[in-house]
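What follows is a set of notes on a single structure, which appears directly below.
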Amino acid sequence: MRTMLLPIFLAFGLSLLAAAACGGGAGTAAALERSSDDDDNDTSGDDDGSPDDDDNDNDNDDDDSGAAWSEMTSGTDVLLSGVWGSSPSDVFVVGKSPTSITLHYDGVSWSPMPIGANYGLANVWGLSPSDVYGVGLSGSAGAVLHYDGTAWAPMPIDLPSDSFLSGVWGLSSSDVFAAGEGEDGPLIAHYDGASWSWTNPPTAGVLSRVWGVSHTDVFAVGQGGTTLRYDGATWSAMTTGTEGFLSDVWGASGSDVFAVGLDETNNVTVLLHYDGNAWSSANYSVPDFGLEGVWGSSSSDIFVVGGGNQSDASLVVHFDGASWSTMQLPSGITGTLMAVYGFSPTDVFVVGDEGTILHYN
């Protein structure tokens, strides 16, 4: 099997660059230790841990819409960890491991975009074709790049050494949030349209992703079940009931939020739901699998992606508002799927290991 990722998908490749550049930050290195070198793990049998039982079968739940997953030609074997687009013909993908790459899809084909040799991006988000933000690492410190429709350029941000940024989301070009880790623990940065500032919120561990519904209602998730909520003035810790690593967060509203990840202690998926009052299990669990990304077009159309913790199996799960079901993927697709983004219930992109890009349409 291929080397699997800690649910800090955001930083697997970036940490290698940091380690080479500065010997590796202690916090980052400790957070990136989960990998496997068992190349002999057989995933072909009935006991491989894949979700093939009656409750999580592999029946294709594409039938009602007529849509299906297909593999796209990416032209790379790099681990792809972030995807965002302004339209189905304007999609950006970023990745880093073993080399950095940024790709763009114009509705016909994928092509590489130059970003500079010193940068590696872990996540991407934007507002329009000419207002796109990528976050990651430059040398040994976190970095933010901006795409203006013509070229990527670094944005001034004075982050500490041994830091990285792994998640980015915003409401406008004057209200953008980024999350990651710094010398003193978790780090959240904010752009007000003029400059970036950053703070260390009151929690421990790495932050992976950030998402929100307004400037006064923003969520960030990460290591040890960490979930933070921002009210426009203060970041406060929330109780999730898990110590697993939360890889991503998305919601249909501030009272309908999902967080996904991996409970490493019990080696099982983590899928949580917040109803506006408390976090609870979303009633989906698969042994030996971790969840990496979540996105939906509505509360009754949610896609979650991930992969085998001790195998190279890929996983896409769909929620229709009532139940979760495993989706059928093209033959030969393997490796962890890292991120998902779409434009409608039948126009969704997924990216992952070894340059994998899937399109649901």
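The values are calculated or read from the model by the stated rules, or taken from the named source; none is laboratory data. These figures come from a predicted structure and were not determined experimentally. All Cβ positions, even for glycine, are placed from backbone atoms using ideal geometry, and neighbour counts span all protein chains on display. Remember, those area values only see protein heavy atoms, side chains included, never the ligands or the DNA or RNA. Shrake-Rupley method; radii C 1.70, N 1.55, O 1.52, S 1.80 Å.
Of note:
- Sole exception among (1) surrounded by 15 or more Cβ atoms within 10 Å (Cβ to Cβ); (2) of a type in the set (A, V, I, L, M); (3) farther than 17 Å from Val93 by Cα for Leu171, by number: (1)
- Subset tally (residues that are over 14 Å from the mean Cα position of the chain (by Cα), open to solvent by less than 30 Å² (accessible area, probe 1.4 Å) and modelled with pLDDT under 95) for the range 198-213: 2
- Taking the range 98-113 as the range and being touching a Ser or Thr at 6+ places or on another chain (Cβ under 8 Å) and not aliphatic (A, V, I, L, M) as the test, the residues that pass are His104, Tyr105, Asp106, Gly107, Ser109, Trp110, Pro112.
- Scanning the range 268-277 for residues that are farther than 17 Å from Val294 by Cα and open to solvent by 40 Å² or more (accessible area, probe 1.4 Å) yields one hit, Asn277.
- Residue match in the range 335-356 (condition: within 14 Å of Trp69 (Cβ to Cβ) and open to solvent by 40 Å² or more (accessible area, probe 1.4 Å)): yes
- Taking the listed residues Thr216, Thr265, Thr239, Thr234, the one that is touching a residue at least 40 places away in the same chain (Cβ under 8 Å), open to solvent by 50 Å² or more (accessible area, probe 1.4 Å) and hydroxyl-bearing (Ser, Thr, Tyr) is Thr239, with no other qualifying.
- Test for Gly126: is it touching a Leu at 6+ places or on another chain (Cβ under 8 Å) and open to solvent by less than 30 Å² (accessible area, probe 1.4 Å): no
- Among the residues of the range 309-329, those that are open to solvent by 20 Å² or more (accessible area, probe 1.4 Å) and of a type outside the set (Gly, Ala, Ser) comprise Gln310, Asp312, His318, Phe319, Asp320, Trp324, Gln328, Leu329.
- Scan of the range 231-252 for residues that are part of a strand (DSSP E or B) and touching a Gly at 6+ places or on another chain (Cβ under 7 Å), ordered by number: Phe245, Leu246, Ser247, Asp248, Trp250, Ala252
- Scanning the range 133-159 for residues that are touching a Phe, Trp or Tyr at 6+ places or on another chain (Cβ under 6 Å), modelled with pLDDT of 95 or more and among the hydroxyl-bearing types (Ser, Thr, Tyr) yields one hit, Tyr133.
- Only a single criterion out of (1) modelled with pLDDT of 95 or more; (2) over 16 Å from Ala259 (Cβ atoms); (3) charged (D, E, K, R) is not satisfied by Glu183, namely (1).
- If you go through the range 304-361 and keep only what is charged (D, E, K, R) and assigned to a strand (DSSP E or B), you end up with just Asp347.
- Taking each residue of the range 293-312 that is without any contact (Cβ under 8 Å) to a residue 40 or more places away in the chain and looking for partners that are outside any strand (DSSP E or B) and aliphatic (A, V, I, L, M) with beta-carbon atoms closer than 9 Å, six or more apart or interchain, yields Ser300/Ala322.
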